[in-house]
1. Averaging the inverse of every distinct alpha carbon separation and then flipping it gives the Kirkwood radius. What is it for the range 76-167, in angstrom units?
2. Based only on Cα atoms, what mean projected area does the convex hull of the range 55-121 have, in nm²?
3. Which value in nm describes the separation of the simple spin-label points at residue 141 and residue 73, placed 7 Å from the Cα toward the beta carbon?
4. List, largest first, the extents of the alpha carbons of the range 126-216 along their principal axes, each in whole Å.
5. Modelled label-to-label distance, residue 96 and residue 189, 7 Å Cα→beta-carbon offset: nm?
């Protein structure tokens, strides 16, 4: 007798489902990849923004002589990254209008144009007067181009301070000289107009008996 296999209507038992145990590890790697892309994008954006952190100023195309009127043909624009805003403020911005300005001091070819080297014709005609000023009698951050009133404080007690000149420009200022304290002084060069000149003799006499004091004007 031949035996034949009997087929059942039911399929063979299915194998248990195999779960992907690596799925969680792959998810973690995906999150890490997204984070790396985001960090890279942020770093790139910051680098691009810092790369444009520059100031456009005027520079001399050629040597500029004192008293010569300034024109656009004498200047070229350059982009500079300054380490501080005070350094940037020393130079003439490229959006400044140079019409009517003259060269106040010699500027070499390629040199950035300082504000004190681009002055109005009336400023260029001013007479220079040096003053030796005690460090406590002027603002510590007095700079070239500042507009100041000059007073004299008598050394004799009880005597009132006297005004000497009003609204004069600081043309030059040296660093502190002498021992720190009351003996330290700064050499300040001021510009006087023609109208200021008659007062020079009396002013020098007053300064000889007192101390010059500079009061800076706002703006």
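1. Details: mean 1/r = 0.0614 Å⁻¹.
About 16.3 Å, per the Kirkwood formula over Cα pairs.
2. Working: hull surface 15.7 nm².
Computing the convex hull of the Cα atoms and averaging its projections yields 3.9 nm².
3. Spacing of the two 7 Å Cα→Cβ label points: 4.0 nm.
4. Computed over the Cα atoms, the extents are 36, 32, 17 Å.
5. Modelled inter-label distance: 1.8 nm.
Only the coordinates and a few stated rules stand behind these numbers; no lab work does. Note that the structure is predicted; figures quoted are calculated from it, not measured. Ideal geometry is used to build each Cβ from the backbone, glycine not excepted, and the neighbour counts take in all protein chains shown.
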